[in-house]
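None of the figures in this text is laboratory data; all of them are computed from the coordinates on show. Everything numeric here is computed off the predicted structure, so don't read it as measured data. Cβ: placed from backbone, ideal geometry, glycine included. Neighbour counts: every protein chain shown.
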Amino acid sequence: MIKVLIVCKQLENAKKIFNNIVSKIKNLHLIGIANSFQEAKKILIDEEADIIITTSKNTVTFIKNNFITYNPGIIIIDNIPRIEFDYRKALIISNEKSLDEIKDRIQFFLRHNIEKSQKETISSVLTQLGFSFNWSGTIYLLDSILYAHSYKGSYSFERVKRDIYFNVANSNNTTSSRVKWSIERAIKYMYSKHTKETYKYVEKLLKIKYPQRPVAKQIISIVANSLDLL
């Protein structure tokens, strides 16, 4: 899931963006609607959005002036043909386009800029931990981390099988029990590959000491909560 914040002065425009675009794009999770940058800043401090959809051309400047390392994707829907700025993850769409065309362009942007970036980061972390993507459990673990990251703070790791594995199972056309079993097996295989000397990255990231073996909830929680910083 991709966390999205809508920043728009006019409530009617914000409703139009949500009802006709955000609600119709799979894997988007709305964390809030702000009608000012001041309100947006409060929301972003509490929960960093992966993407900001806005009608203000000043959003890039707002992010640069208020955050140092935080660089969300920014989608600007306005009547301007283009804006000159140095910001890699930005998309400008004319508000004269149809809502369907705007939705399609946003989906393409998300798929090739946001989802790909998150998956690449998690894949790199899991590889460094010693997981192999030849194991189905590693793929389920990646999906679990993506889901947990989107709902950070609003789900319970004590109910991880119900809250996370159920969603991952639905996405992969399998069962929660299969997801749980595969992830636990992948962790077992990962651990068996290590010696005390090769366990340093695991110890550093997961805050454990060899020979302690990590558990699924621990890996999902730490990587999901650290994803924006990795």
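Helix 136-150 and the long axis of the chain differ in direction by around 40°, with both axes built from C-alpha atoms. Excluding the sites themselves, what is the longest stretch of the chain that contains no trypsin sites (Lys or Arg not before Pro) in a DSSP loop with at most 11 other C-beta atoms within 10 Å? Between exposed loop sites, the widest span is 89-195. Could you work out the relative contact order of the chain? I mean the mean sequence separation of Cα pairs under 8 Å and 6+ apart, divided by the number of residues, in percent. Relative CO of the chain lands at 16 percent. The angle separating the long axis of helix 176-193 from the principal Cα axis of greatest extent in the chain is about 60 degrees.
Restricting to Cα atoms and excluding each atom paired with itself, what does the Kirkwood estimate give for the range 33-105 in Å? List each step's numbers first, then the result.
Values: mean 1/r = 0.0774 Å⁻¹.
With all distinct Cα pairs of the range 33-105 included, I get 12.9 Å.
Helical runs assigned H by DSSP (4 residues or longer) give the chain a calculated mean residue ellipticity at 222 nm of -14500 deg cm²/dmol, each run adding -39500 (n - 2.57) before division by the residue total. Treating r as the C-beta distance of residue 58 and residue 124 and R0 as 30 Å, the FRET efficiency rounds to 0.35. Taking only Cα atoms, what is the 0 to 90° angle, nearest 10, from helix 116-129's long axis to the longest principal axis of the chain? The angle comes out at about 20 degrees.
Could you work out the Rg to Rh ratio of the chain, with Rh taken as the Kirkwood radius (inverse of the mean 1/r over all Cα pairs)?
We get a ratio of 1.02 for the chain.
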